[in-house]
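Only the coordinates and a few stated rules stand behind these numbers; no lab work does. Everything numeric here is computed off the predicted structure, so don't read it as measured data. We place every Cβ from the backbone using ideal geometry, glycine too, and count neighbours over all the protein chains shown.
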Amino acid sequence: MVQNPGVYNIDDLRTQFVQRERVYRMRCVEGWSMVIPWMGFPLSELLNAVEPTSDAKYVRFETVYRPEEMPGQSSSYYDWPYIEGLRVDEAMNDLTLLATGLYGRDLLPQSGAPVRLVVPWKYGFKSIKSIVRIDLVDEQPVSLWETAAPNEYGFYANVNPDVSHPRWSQSSERRIGETGRRPTLAFNGYSEEVAHLYEGMDLKANF
Ligand SMILES: Nc1nc2c(c(=O)[nH]1)N[C@H]1C(S)=C(S)[C@@H](COP(=O)(O)O)O[C@H]1N2
Ligand SMILES: [Mo]
């Protein structure tokens, strides 16, 4: 659902969109967190280039499916390929990054080369790695984790210390490089930038 669909290789993304460094907190749903200096550009710039139509309500992201190279994908335990999604207004938020590097260098395969999403106010699993396809759609995408355990991993997955995972509390986290735990912040500390996106929404029901 775009006016200008296109095929971009990684060099197109690096040259057509100014790369900058963004230092973000990352909070995994399993309770670890880390501060990461990403290289990349706001997803909104790519979306503006392809011009979503007014029917587009969600963005759907798909990871490379290459089980001969990524042996875990041979397991039928999960519904590969890895899929994630955002609402268009979440995707257009300035914090939402398409990352091409970290620590000033190109992404390595394990960090999601050649390009990955970074959505710092959501649990890490929303930040889909090694993206090969992005679609603008009118229906809410179903992620790999929602398919695997819909009661544990919701579509929104906003970091929220007040909404526990069914199997553990989300009130604190272990920051890599620190001893002990620190309190988890609402929207991972990015309330000022994103809380307005969810005004009037029941964040317990829409976990
Ligand atoms: N394609 C793909 N993206 C993915 C995952 C994955 O298994 N496959 N894991 C997710 C999870 S659970 C987290 S916490 C982050 C971790 O990012 P990192 O590997 O750069 O630390 O990637 C997310 N993106
Ligand atoms: Mo994770």
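Some observations on this one:
- Inter-label distance for residue 68 and residue 50, nm, one decimal - labels placed 7 Å from Cα along Cα-to-Cβ: 2.7 nm
- The relative contact order of region 105-207 comes to 22 percent, based on Cα pairs under 8 Å that sit 6 or more residues apart.
- Relative contact order for the chain: 22 percent, from Cα pairs under 8 Å spaced at least 6 residues apart, divided by residue count.
- Measuring r between the beta carbons of residue 75 and residue 132 and using R0 = 25 Å, the FRET efficiency lands at 0.80.
- If R0 equals 22 Å, the separation of the Cβ atoms of residue 151 and residue 197 corresponds to a calculated FRET efficiency of about 0.40.
- Over region 33-155, relative contact order from alpha-carbon pairs under 8 Å, at least 6 apart, %: 34 percent
- Paired Rg and Dmax values of the chain, which use every Cα atom, in angstrom: 16.7, 50
- Signed unit charges on C-beta, dipole axis of the chain, positive-most listed residue 168, 207, 15: 168
- Residue 172-residue 205 FRET efficiency (beta carbon distance; Förster radius 30 Å; 0.05 resolution): 0.80
- Computed packing ranks the peptides 18-26, 182-190, 64-72, 117-125 as 117-125, 182-190, 18-26, 64-72, most packed first, by mean other Cβ atoms within 10 Å.
- Between region 134-207 and region 31-55, the alpha-carbon centres lie 18 Å apart.
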